[in-house]
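The values are calculated or read from the model by the stated rules, or taken from the named source; none is laboratory data. Computed from a predicted model, the values in this text were never measured in an experiment. Glycine also receives a Cβ, built like all others from the backbone with ideal geometry; neighbour counts cover every protein chain displayed.
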Amino acid sequence: MRRFRVGSALRRTALLCMLILLALAVTPVASHHAFSPVYDAKKTIVVEGVVTQFRFVNPHAMMLMDVTDKKTGKVVKWNVEFAGRLNLEEAGWTADSIKPGELVKVTGNPTWTGSQRMAFVKLVRADGTTLEPGRAQRLSAIEEERRQRAKQREQQPAQQATPEK
């Protein structure tokens, strides 16, 4: 007759629980990736096609598009990866910023493997309007603000030099 040891059963249960918690903690980390192992930041490519889906989600918004290969005439599915929803919302984007059926030209960083996937840099719609990442929009706004201040500074000495009548 075997004796049941409470201590060893408790240890096995505790070990099993720790292993399960560890597996759960590691899974989200493994599903997210860094930019440089996937995309080549030194190169950009441009593809033009029709949006089939835009998913405004975290950790990265995604857009699927049909691109007609100019050499073969075949339609190829492309996947464009954006920043996360929160970053895009901060820049004024919404789930309706890109709509299925839109003809767009997208500039992005290609993958190292040459797959039909890119990291978003810029989107140009058929009417010429553009969408850029939040950081680029903020930098453009900051640069414009600096230009306006410089213009005001240039005008101030000219106004001060003019004598009043």
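A few notes on this one:
- Screening the stretch 49-111 for strands (runs of 3 or more DSSP E) wholly inside it with 1 or more residues that are small (Gly, Ala, Ser) returns the ranges 103-110.
- Restricting 4, 54, 35 to residues that are modelled with pLDDT of 90 or more and of a type in the set (Phe, Trp, Tyr) narrows the list to 54.
- Criterion (of a type in the set (Gly, Ala, Ser) and exposed (fewer than 15 other Cβ atoms within 10 Å of the Cβ)) met by exactly one of 101, 108, 49: 101
- Close pairs (9 angstrom Cβ cut-off, 6 or more residues apart or separate chains): under 15 Å from residue 62 (Cα atoms) and in contact (Cβ under 8 Å) with a residue 60 or more places away in the chain in the stretch 91-119, among the small types (Gly, Ala, Ser) and exposed (fewer than 14 other Cβ atoms within 10 Å of the Cβ) anywhere: 109/41; 119/41
- Taken over the stretch 111-131, the criterion of being surrounded by fewer than 17 Cβ atoms within 10 Å (Cβ to Cβ) and of a type in the set (D, E, K, R) is satisfied by 122, 125, 127.
- Taking the criterion of being surrounded by fewer than 16 Cβ atoms within 10 Å (Cβ to Cβ) and modelled with pLDDT of 95 or more, the residues of the stretch 77-95 that qualify are 77, 79.
- Residue match in the stretch 21-32 (condition: at pLDDT 95 or above and over 16 Å from residue 133 (Cα atoms)): no
- Residue, farthest from the chain's Cα centre (by Cα), within the stretch 52-76, restricted to residues that are surrounded by 14 or more Cβ atoms within 10 Å (Cβ to Cβ) and under 12 Å from residue 117 (Cα atoms): 67
- Any chance residue 67 is modelled with pLDDT under 90 and within 30 Å of residue 130 (Cα to Cα): no
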